[in-house]
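Participant: Pasting a structure here, questions to come.
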Amino acid sequence: MSPSPSPRPPLSRDRVLAAAIEVADRGGAEAITMRRVAQELRVEAMSLYHHVPNKDAILDGVVDAVFAAITLPSPRCDDWRDAIRTRAISARSVLSRHSWALGLMDSRRNPGPATLRHHNAVLGVLREAGFTLPMAAHAVSLIDSYISGFVFQESNLPVNTPDDVEELAGNILEQLPGNELPYLQELITDHALQPGYEHTSEFGYGLDLILDALEARRT
């Protein structure tokens, strides 16, 4: 006699949001609908309304869940750059897994508690480090734009491994018209195709440049 299947856990708001994130991870934010989320949970769409009032509530919820996954910096840290760097690296990691959230994070009008705590924590680090309020606002805008832009670019690159880089770079080199584009050829042959090159390392380099520049303005 085969064992009976384990009963499914009861439906809840957290389960609905987790299912919506799974749907978005596969099909993007536009794939999030009440019907698709219900299918992910193997329930009727009407049953979702006991936990979320509508699709907008799901979108607000998944954005808050993404913010909740990012490491919060401590405003009492010894070095504000270390705190912001840790947060930026965490944000990049989370958003790389959920790049569909990039278009939603700044568009929702009802930020959730995790979103508000996150923004408050980042501002707290900067203000406690001595940044003026306008400079703290500039810093947040600059850092977040950098993270979002890097993740967007990274998620759309046609390469994922060193072998991909080598293949793409080789194809480009074959198409270059003789010596008409020497600087591009130099970048590919003397940089991108060198052992150990990884595009992902550019994130930390650019982030440190931003933090160094902000430190100069802070003092």
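The values are calculated or read from the model by the stated rules, or taken from the named source; none is laboratory data. Everything numeric here is computed off the predicted structure, so don't read it as measured data. Using ideal geometry, Cβ is built from the backbone for each residue, glycine included, and neighbour counts are taken over all protein chains shown. All accessible areas refer to the heavy atoms of the entire protein, side chains included, with ligands and DNA or RNA removed. Shrake-Rupley method; radii C 1.70, N 1.55, O 1.52, S 1.80 Å.
Participant: As an exercise: evaluate Ile188 against (1) modelled with pLDDT of 95 or more; (2) of a type in the set (A, V, I, L, M, F, W, C); (3) surrounded by 14 or more Cβ atoms within 10 Å (Cβ to Cβ) and give the number of the one condition it does not meet.
Facilitator: Of everything listed in (1) modelled with pLDDT of 95 or more; (2) of a type in the set (A, V, I, L, M, F, W, C); (3) surrounded by 14 or more Cβ atoms within 10 Å (Cβ to Cβ), Ile188 misses just condition (1).
Participant: Can you confirm whether Trp100 is open to solvent by less than 70 Å² (accessible area, probe 1.4 Å) and closer than 23 Å to Asp56 by Cα?
Facilitator: Yes: the conditions hold for Trp100.
Participant: Right, here's the next one. Keeping to the stretch 148-175, report how many residues are in contact with a Leu (Cβ under 7 Å, 6 or more places away or on another chain), open to solvent by less than 90 Å² (accessible area, probe 1.4 Å) and either charged (D, E, K, R) or at pLDDT 85 or above (or both).
Facilitator: Total satisfying the criteria: 2.
Participant: Can you say whether Ala38 is at pLDDT below 95, farther than 18 Å from Val122 by Cβ and over 25 Å from the mean Cα position of the chain (by Cα), as far as the supplied structure shows?
Facilitator: Against the criterion (at pLDDT below 95, farther than 18 Å from Val122 by Cβ and over 25 Å from the mean Cα position of the chain (by Cα)), Ala38 does not qualify.
Participant: Do you know which residues across the stretch 92-101 are assigned to a helix (DSSP H, G or I) and either under 26 Å from Met34 (Cα atoms) or among the aromatic types (Phe, Trp, Tyr) (or both)?
Facilitator: Passing the criteria: Val94, Leu95, Ser96, Arg97, Ser99, Trp100, Ala101.
Participant: Going through Leu126, Leu133 one at a time, which residue ends up being in contact (Cβ under 8 Å) with a residue 40 or more places away in the chain and either under 30 Å from Thr219 (Cβ atoms) or surrounded by fewer than 11 Cβ atoms within 10 Å (Cβ to Cβ) (or both)?
Facilitator: Sole residue among the options that is in contact (Cβ under 8 Å) with a residue 40 or more places away in the chain and either under 30 Å from Thr219 (Cβ atoms) or surrounded by fewer than 11 Cβ atoms within 10 Å (Cβ to Cβ) (or both): Leu126.
Participant: Which condition from (1) out of contact with any Leu (no Cβ under 9 Å at 6 or more places or on another chain); (2) modelled with pLDDT under 95; (3) open to solvent by 60 Å² or more (accessible area, probe 1.4 Å) is the one that Ser141 breaks?
Facilitator: (2)
Participant: Suppose we filter Ala45, Ala68, Ala24 for residues that are in contact (Cβ under 8 Å) with a residue 60 or more places away in the chain and either under 26 Å from Ser90 (Cβ atoms) or over 26 Å from the mean Cα position of the chain (by Cα) (or both); which single one remains?
Facilitator: Among Ala45, Ala68, Ala24, only Ala24 is in contact (Cβ under 8 Å) with a residue 60 or more places away in the chain and either under 26 Å from Ser90 (Cβ atoms) or over 26 Å from the mean Cα position of the chain (by Cα) (or both).
Participant: Could I ask something else about it? Looking only at the stretch 188-201, which residues are within 18 Å of Thr161 (Cα to Cα) and without any contact (Cβ under 8 Å) to a residue 12 or more places away in the chain?
Facilitator: If the condition is that a residue be within 18 Å of Thr161 (Cα to Cα) and without any contact (Cβ under 8 Å) to a residue 12 or more places away in the chain, then His191, Gln194, Pro195, Gly196, Ser201 are the ones that fit.
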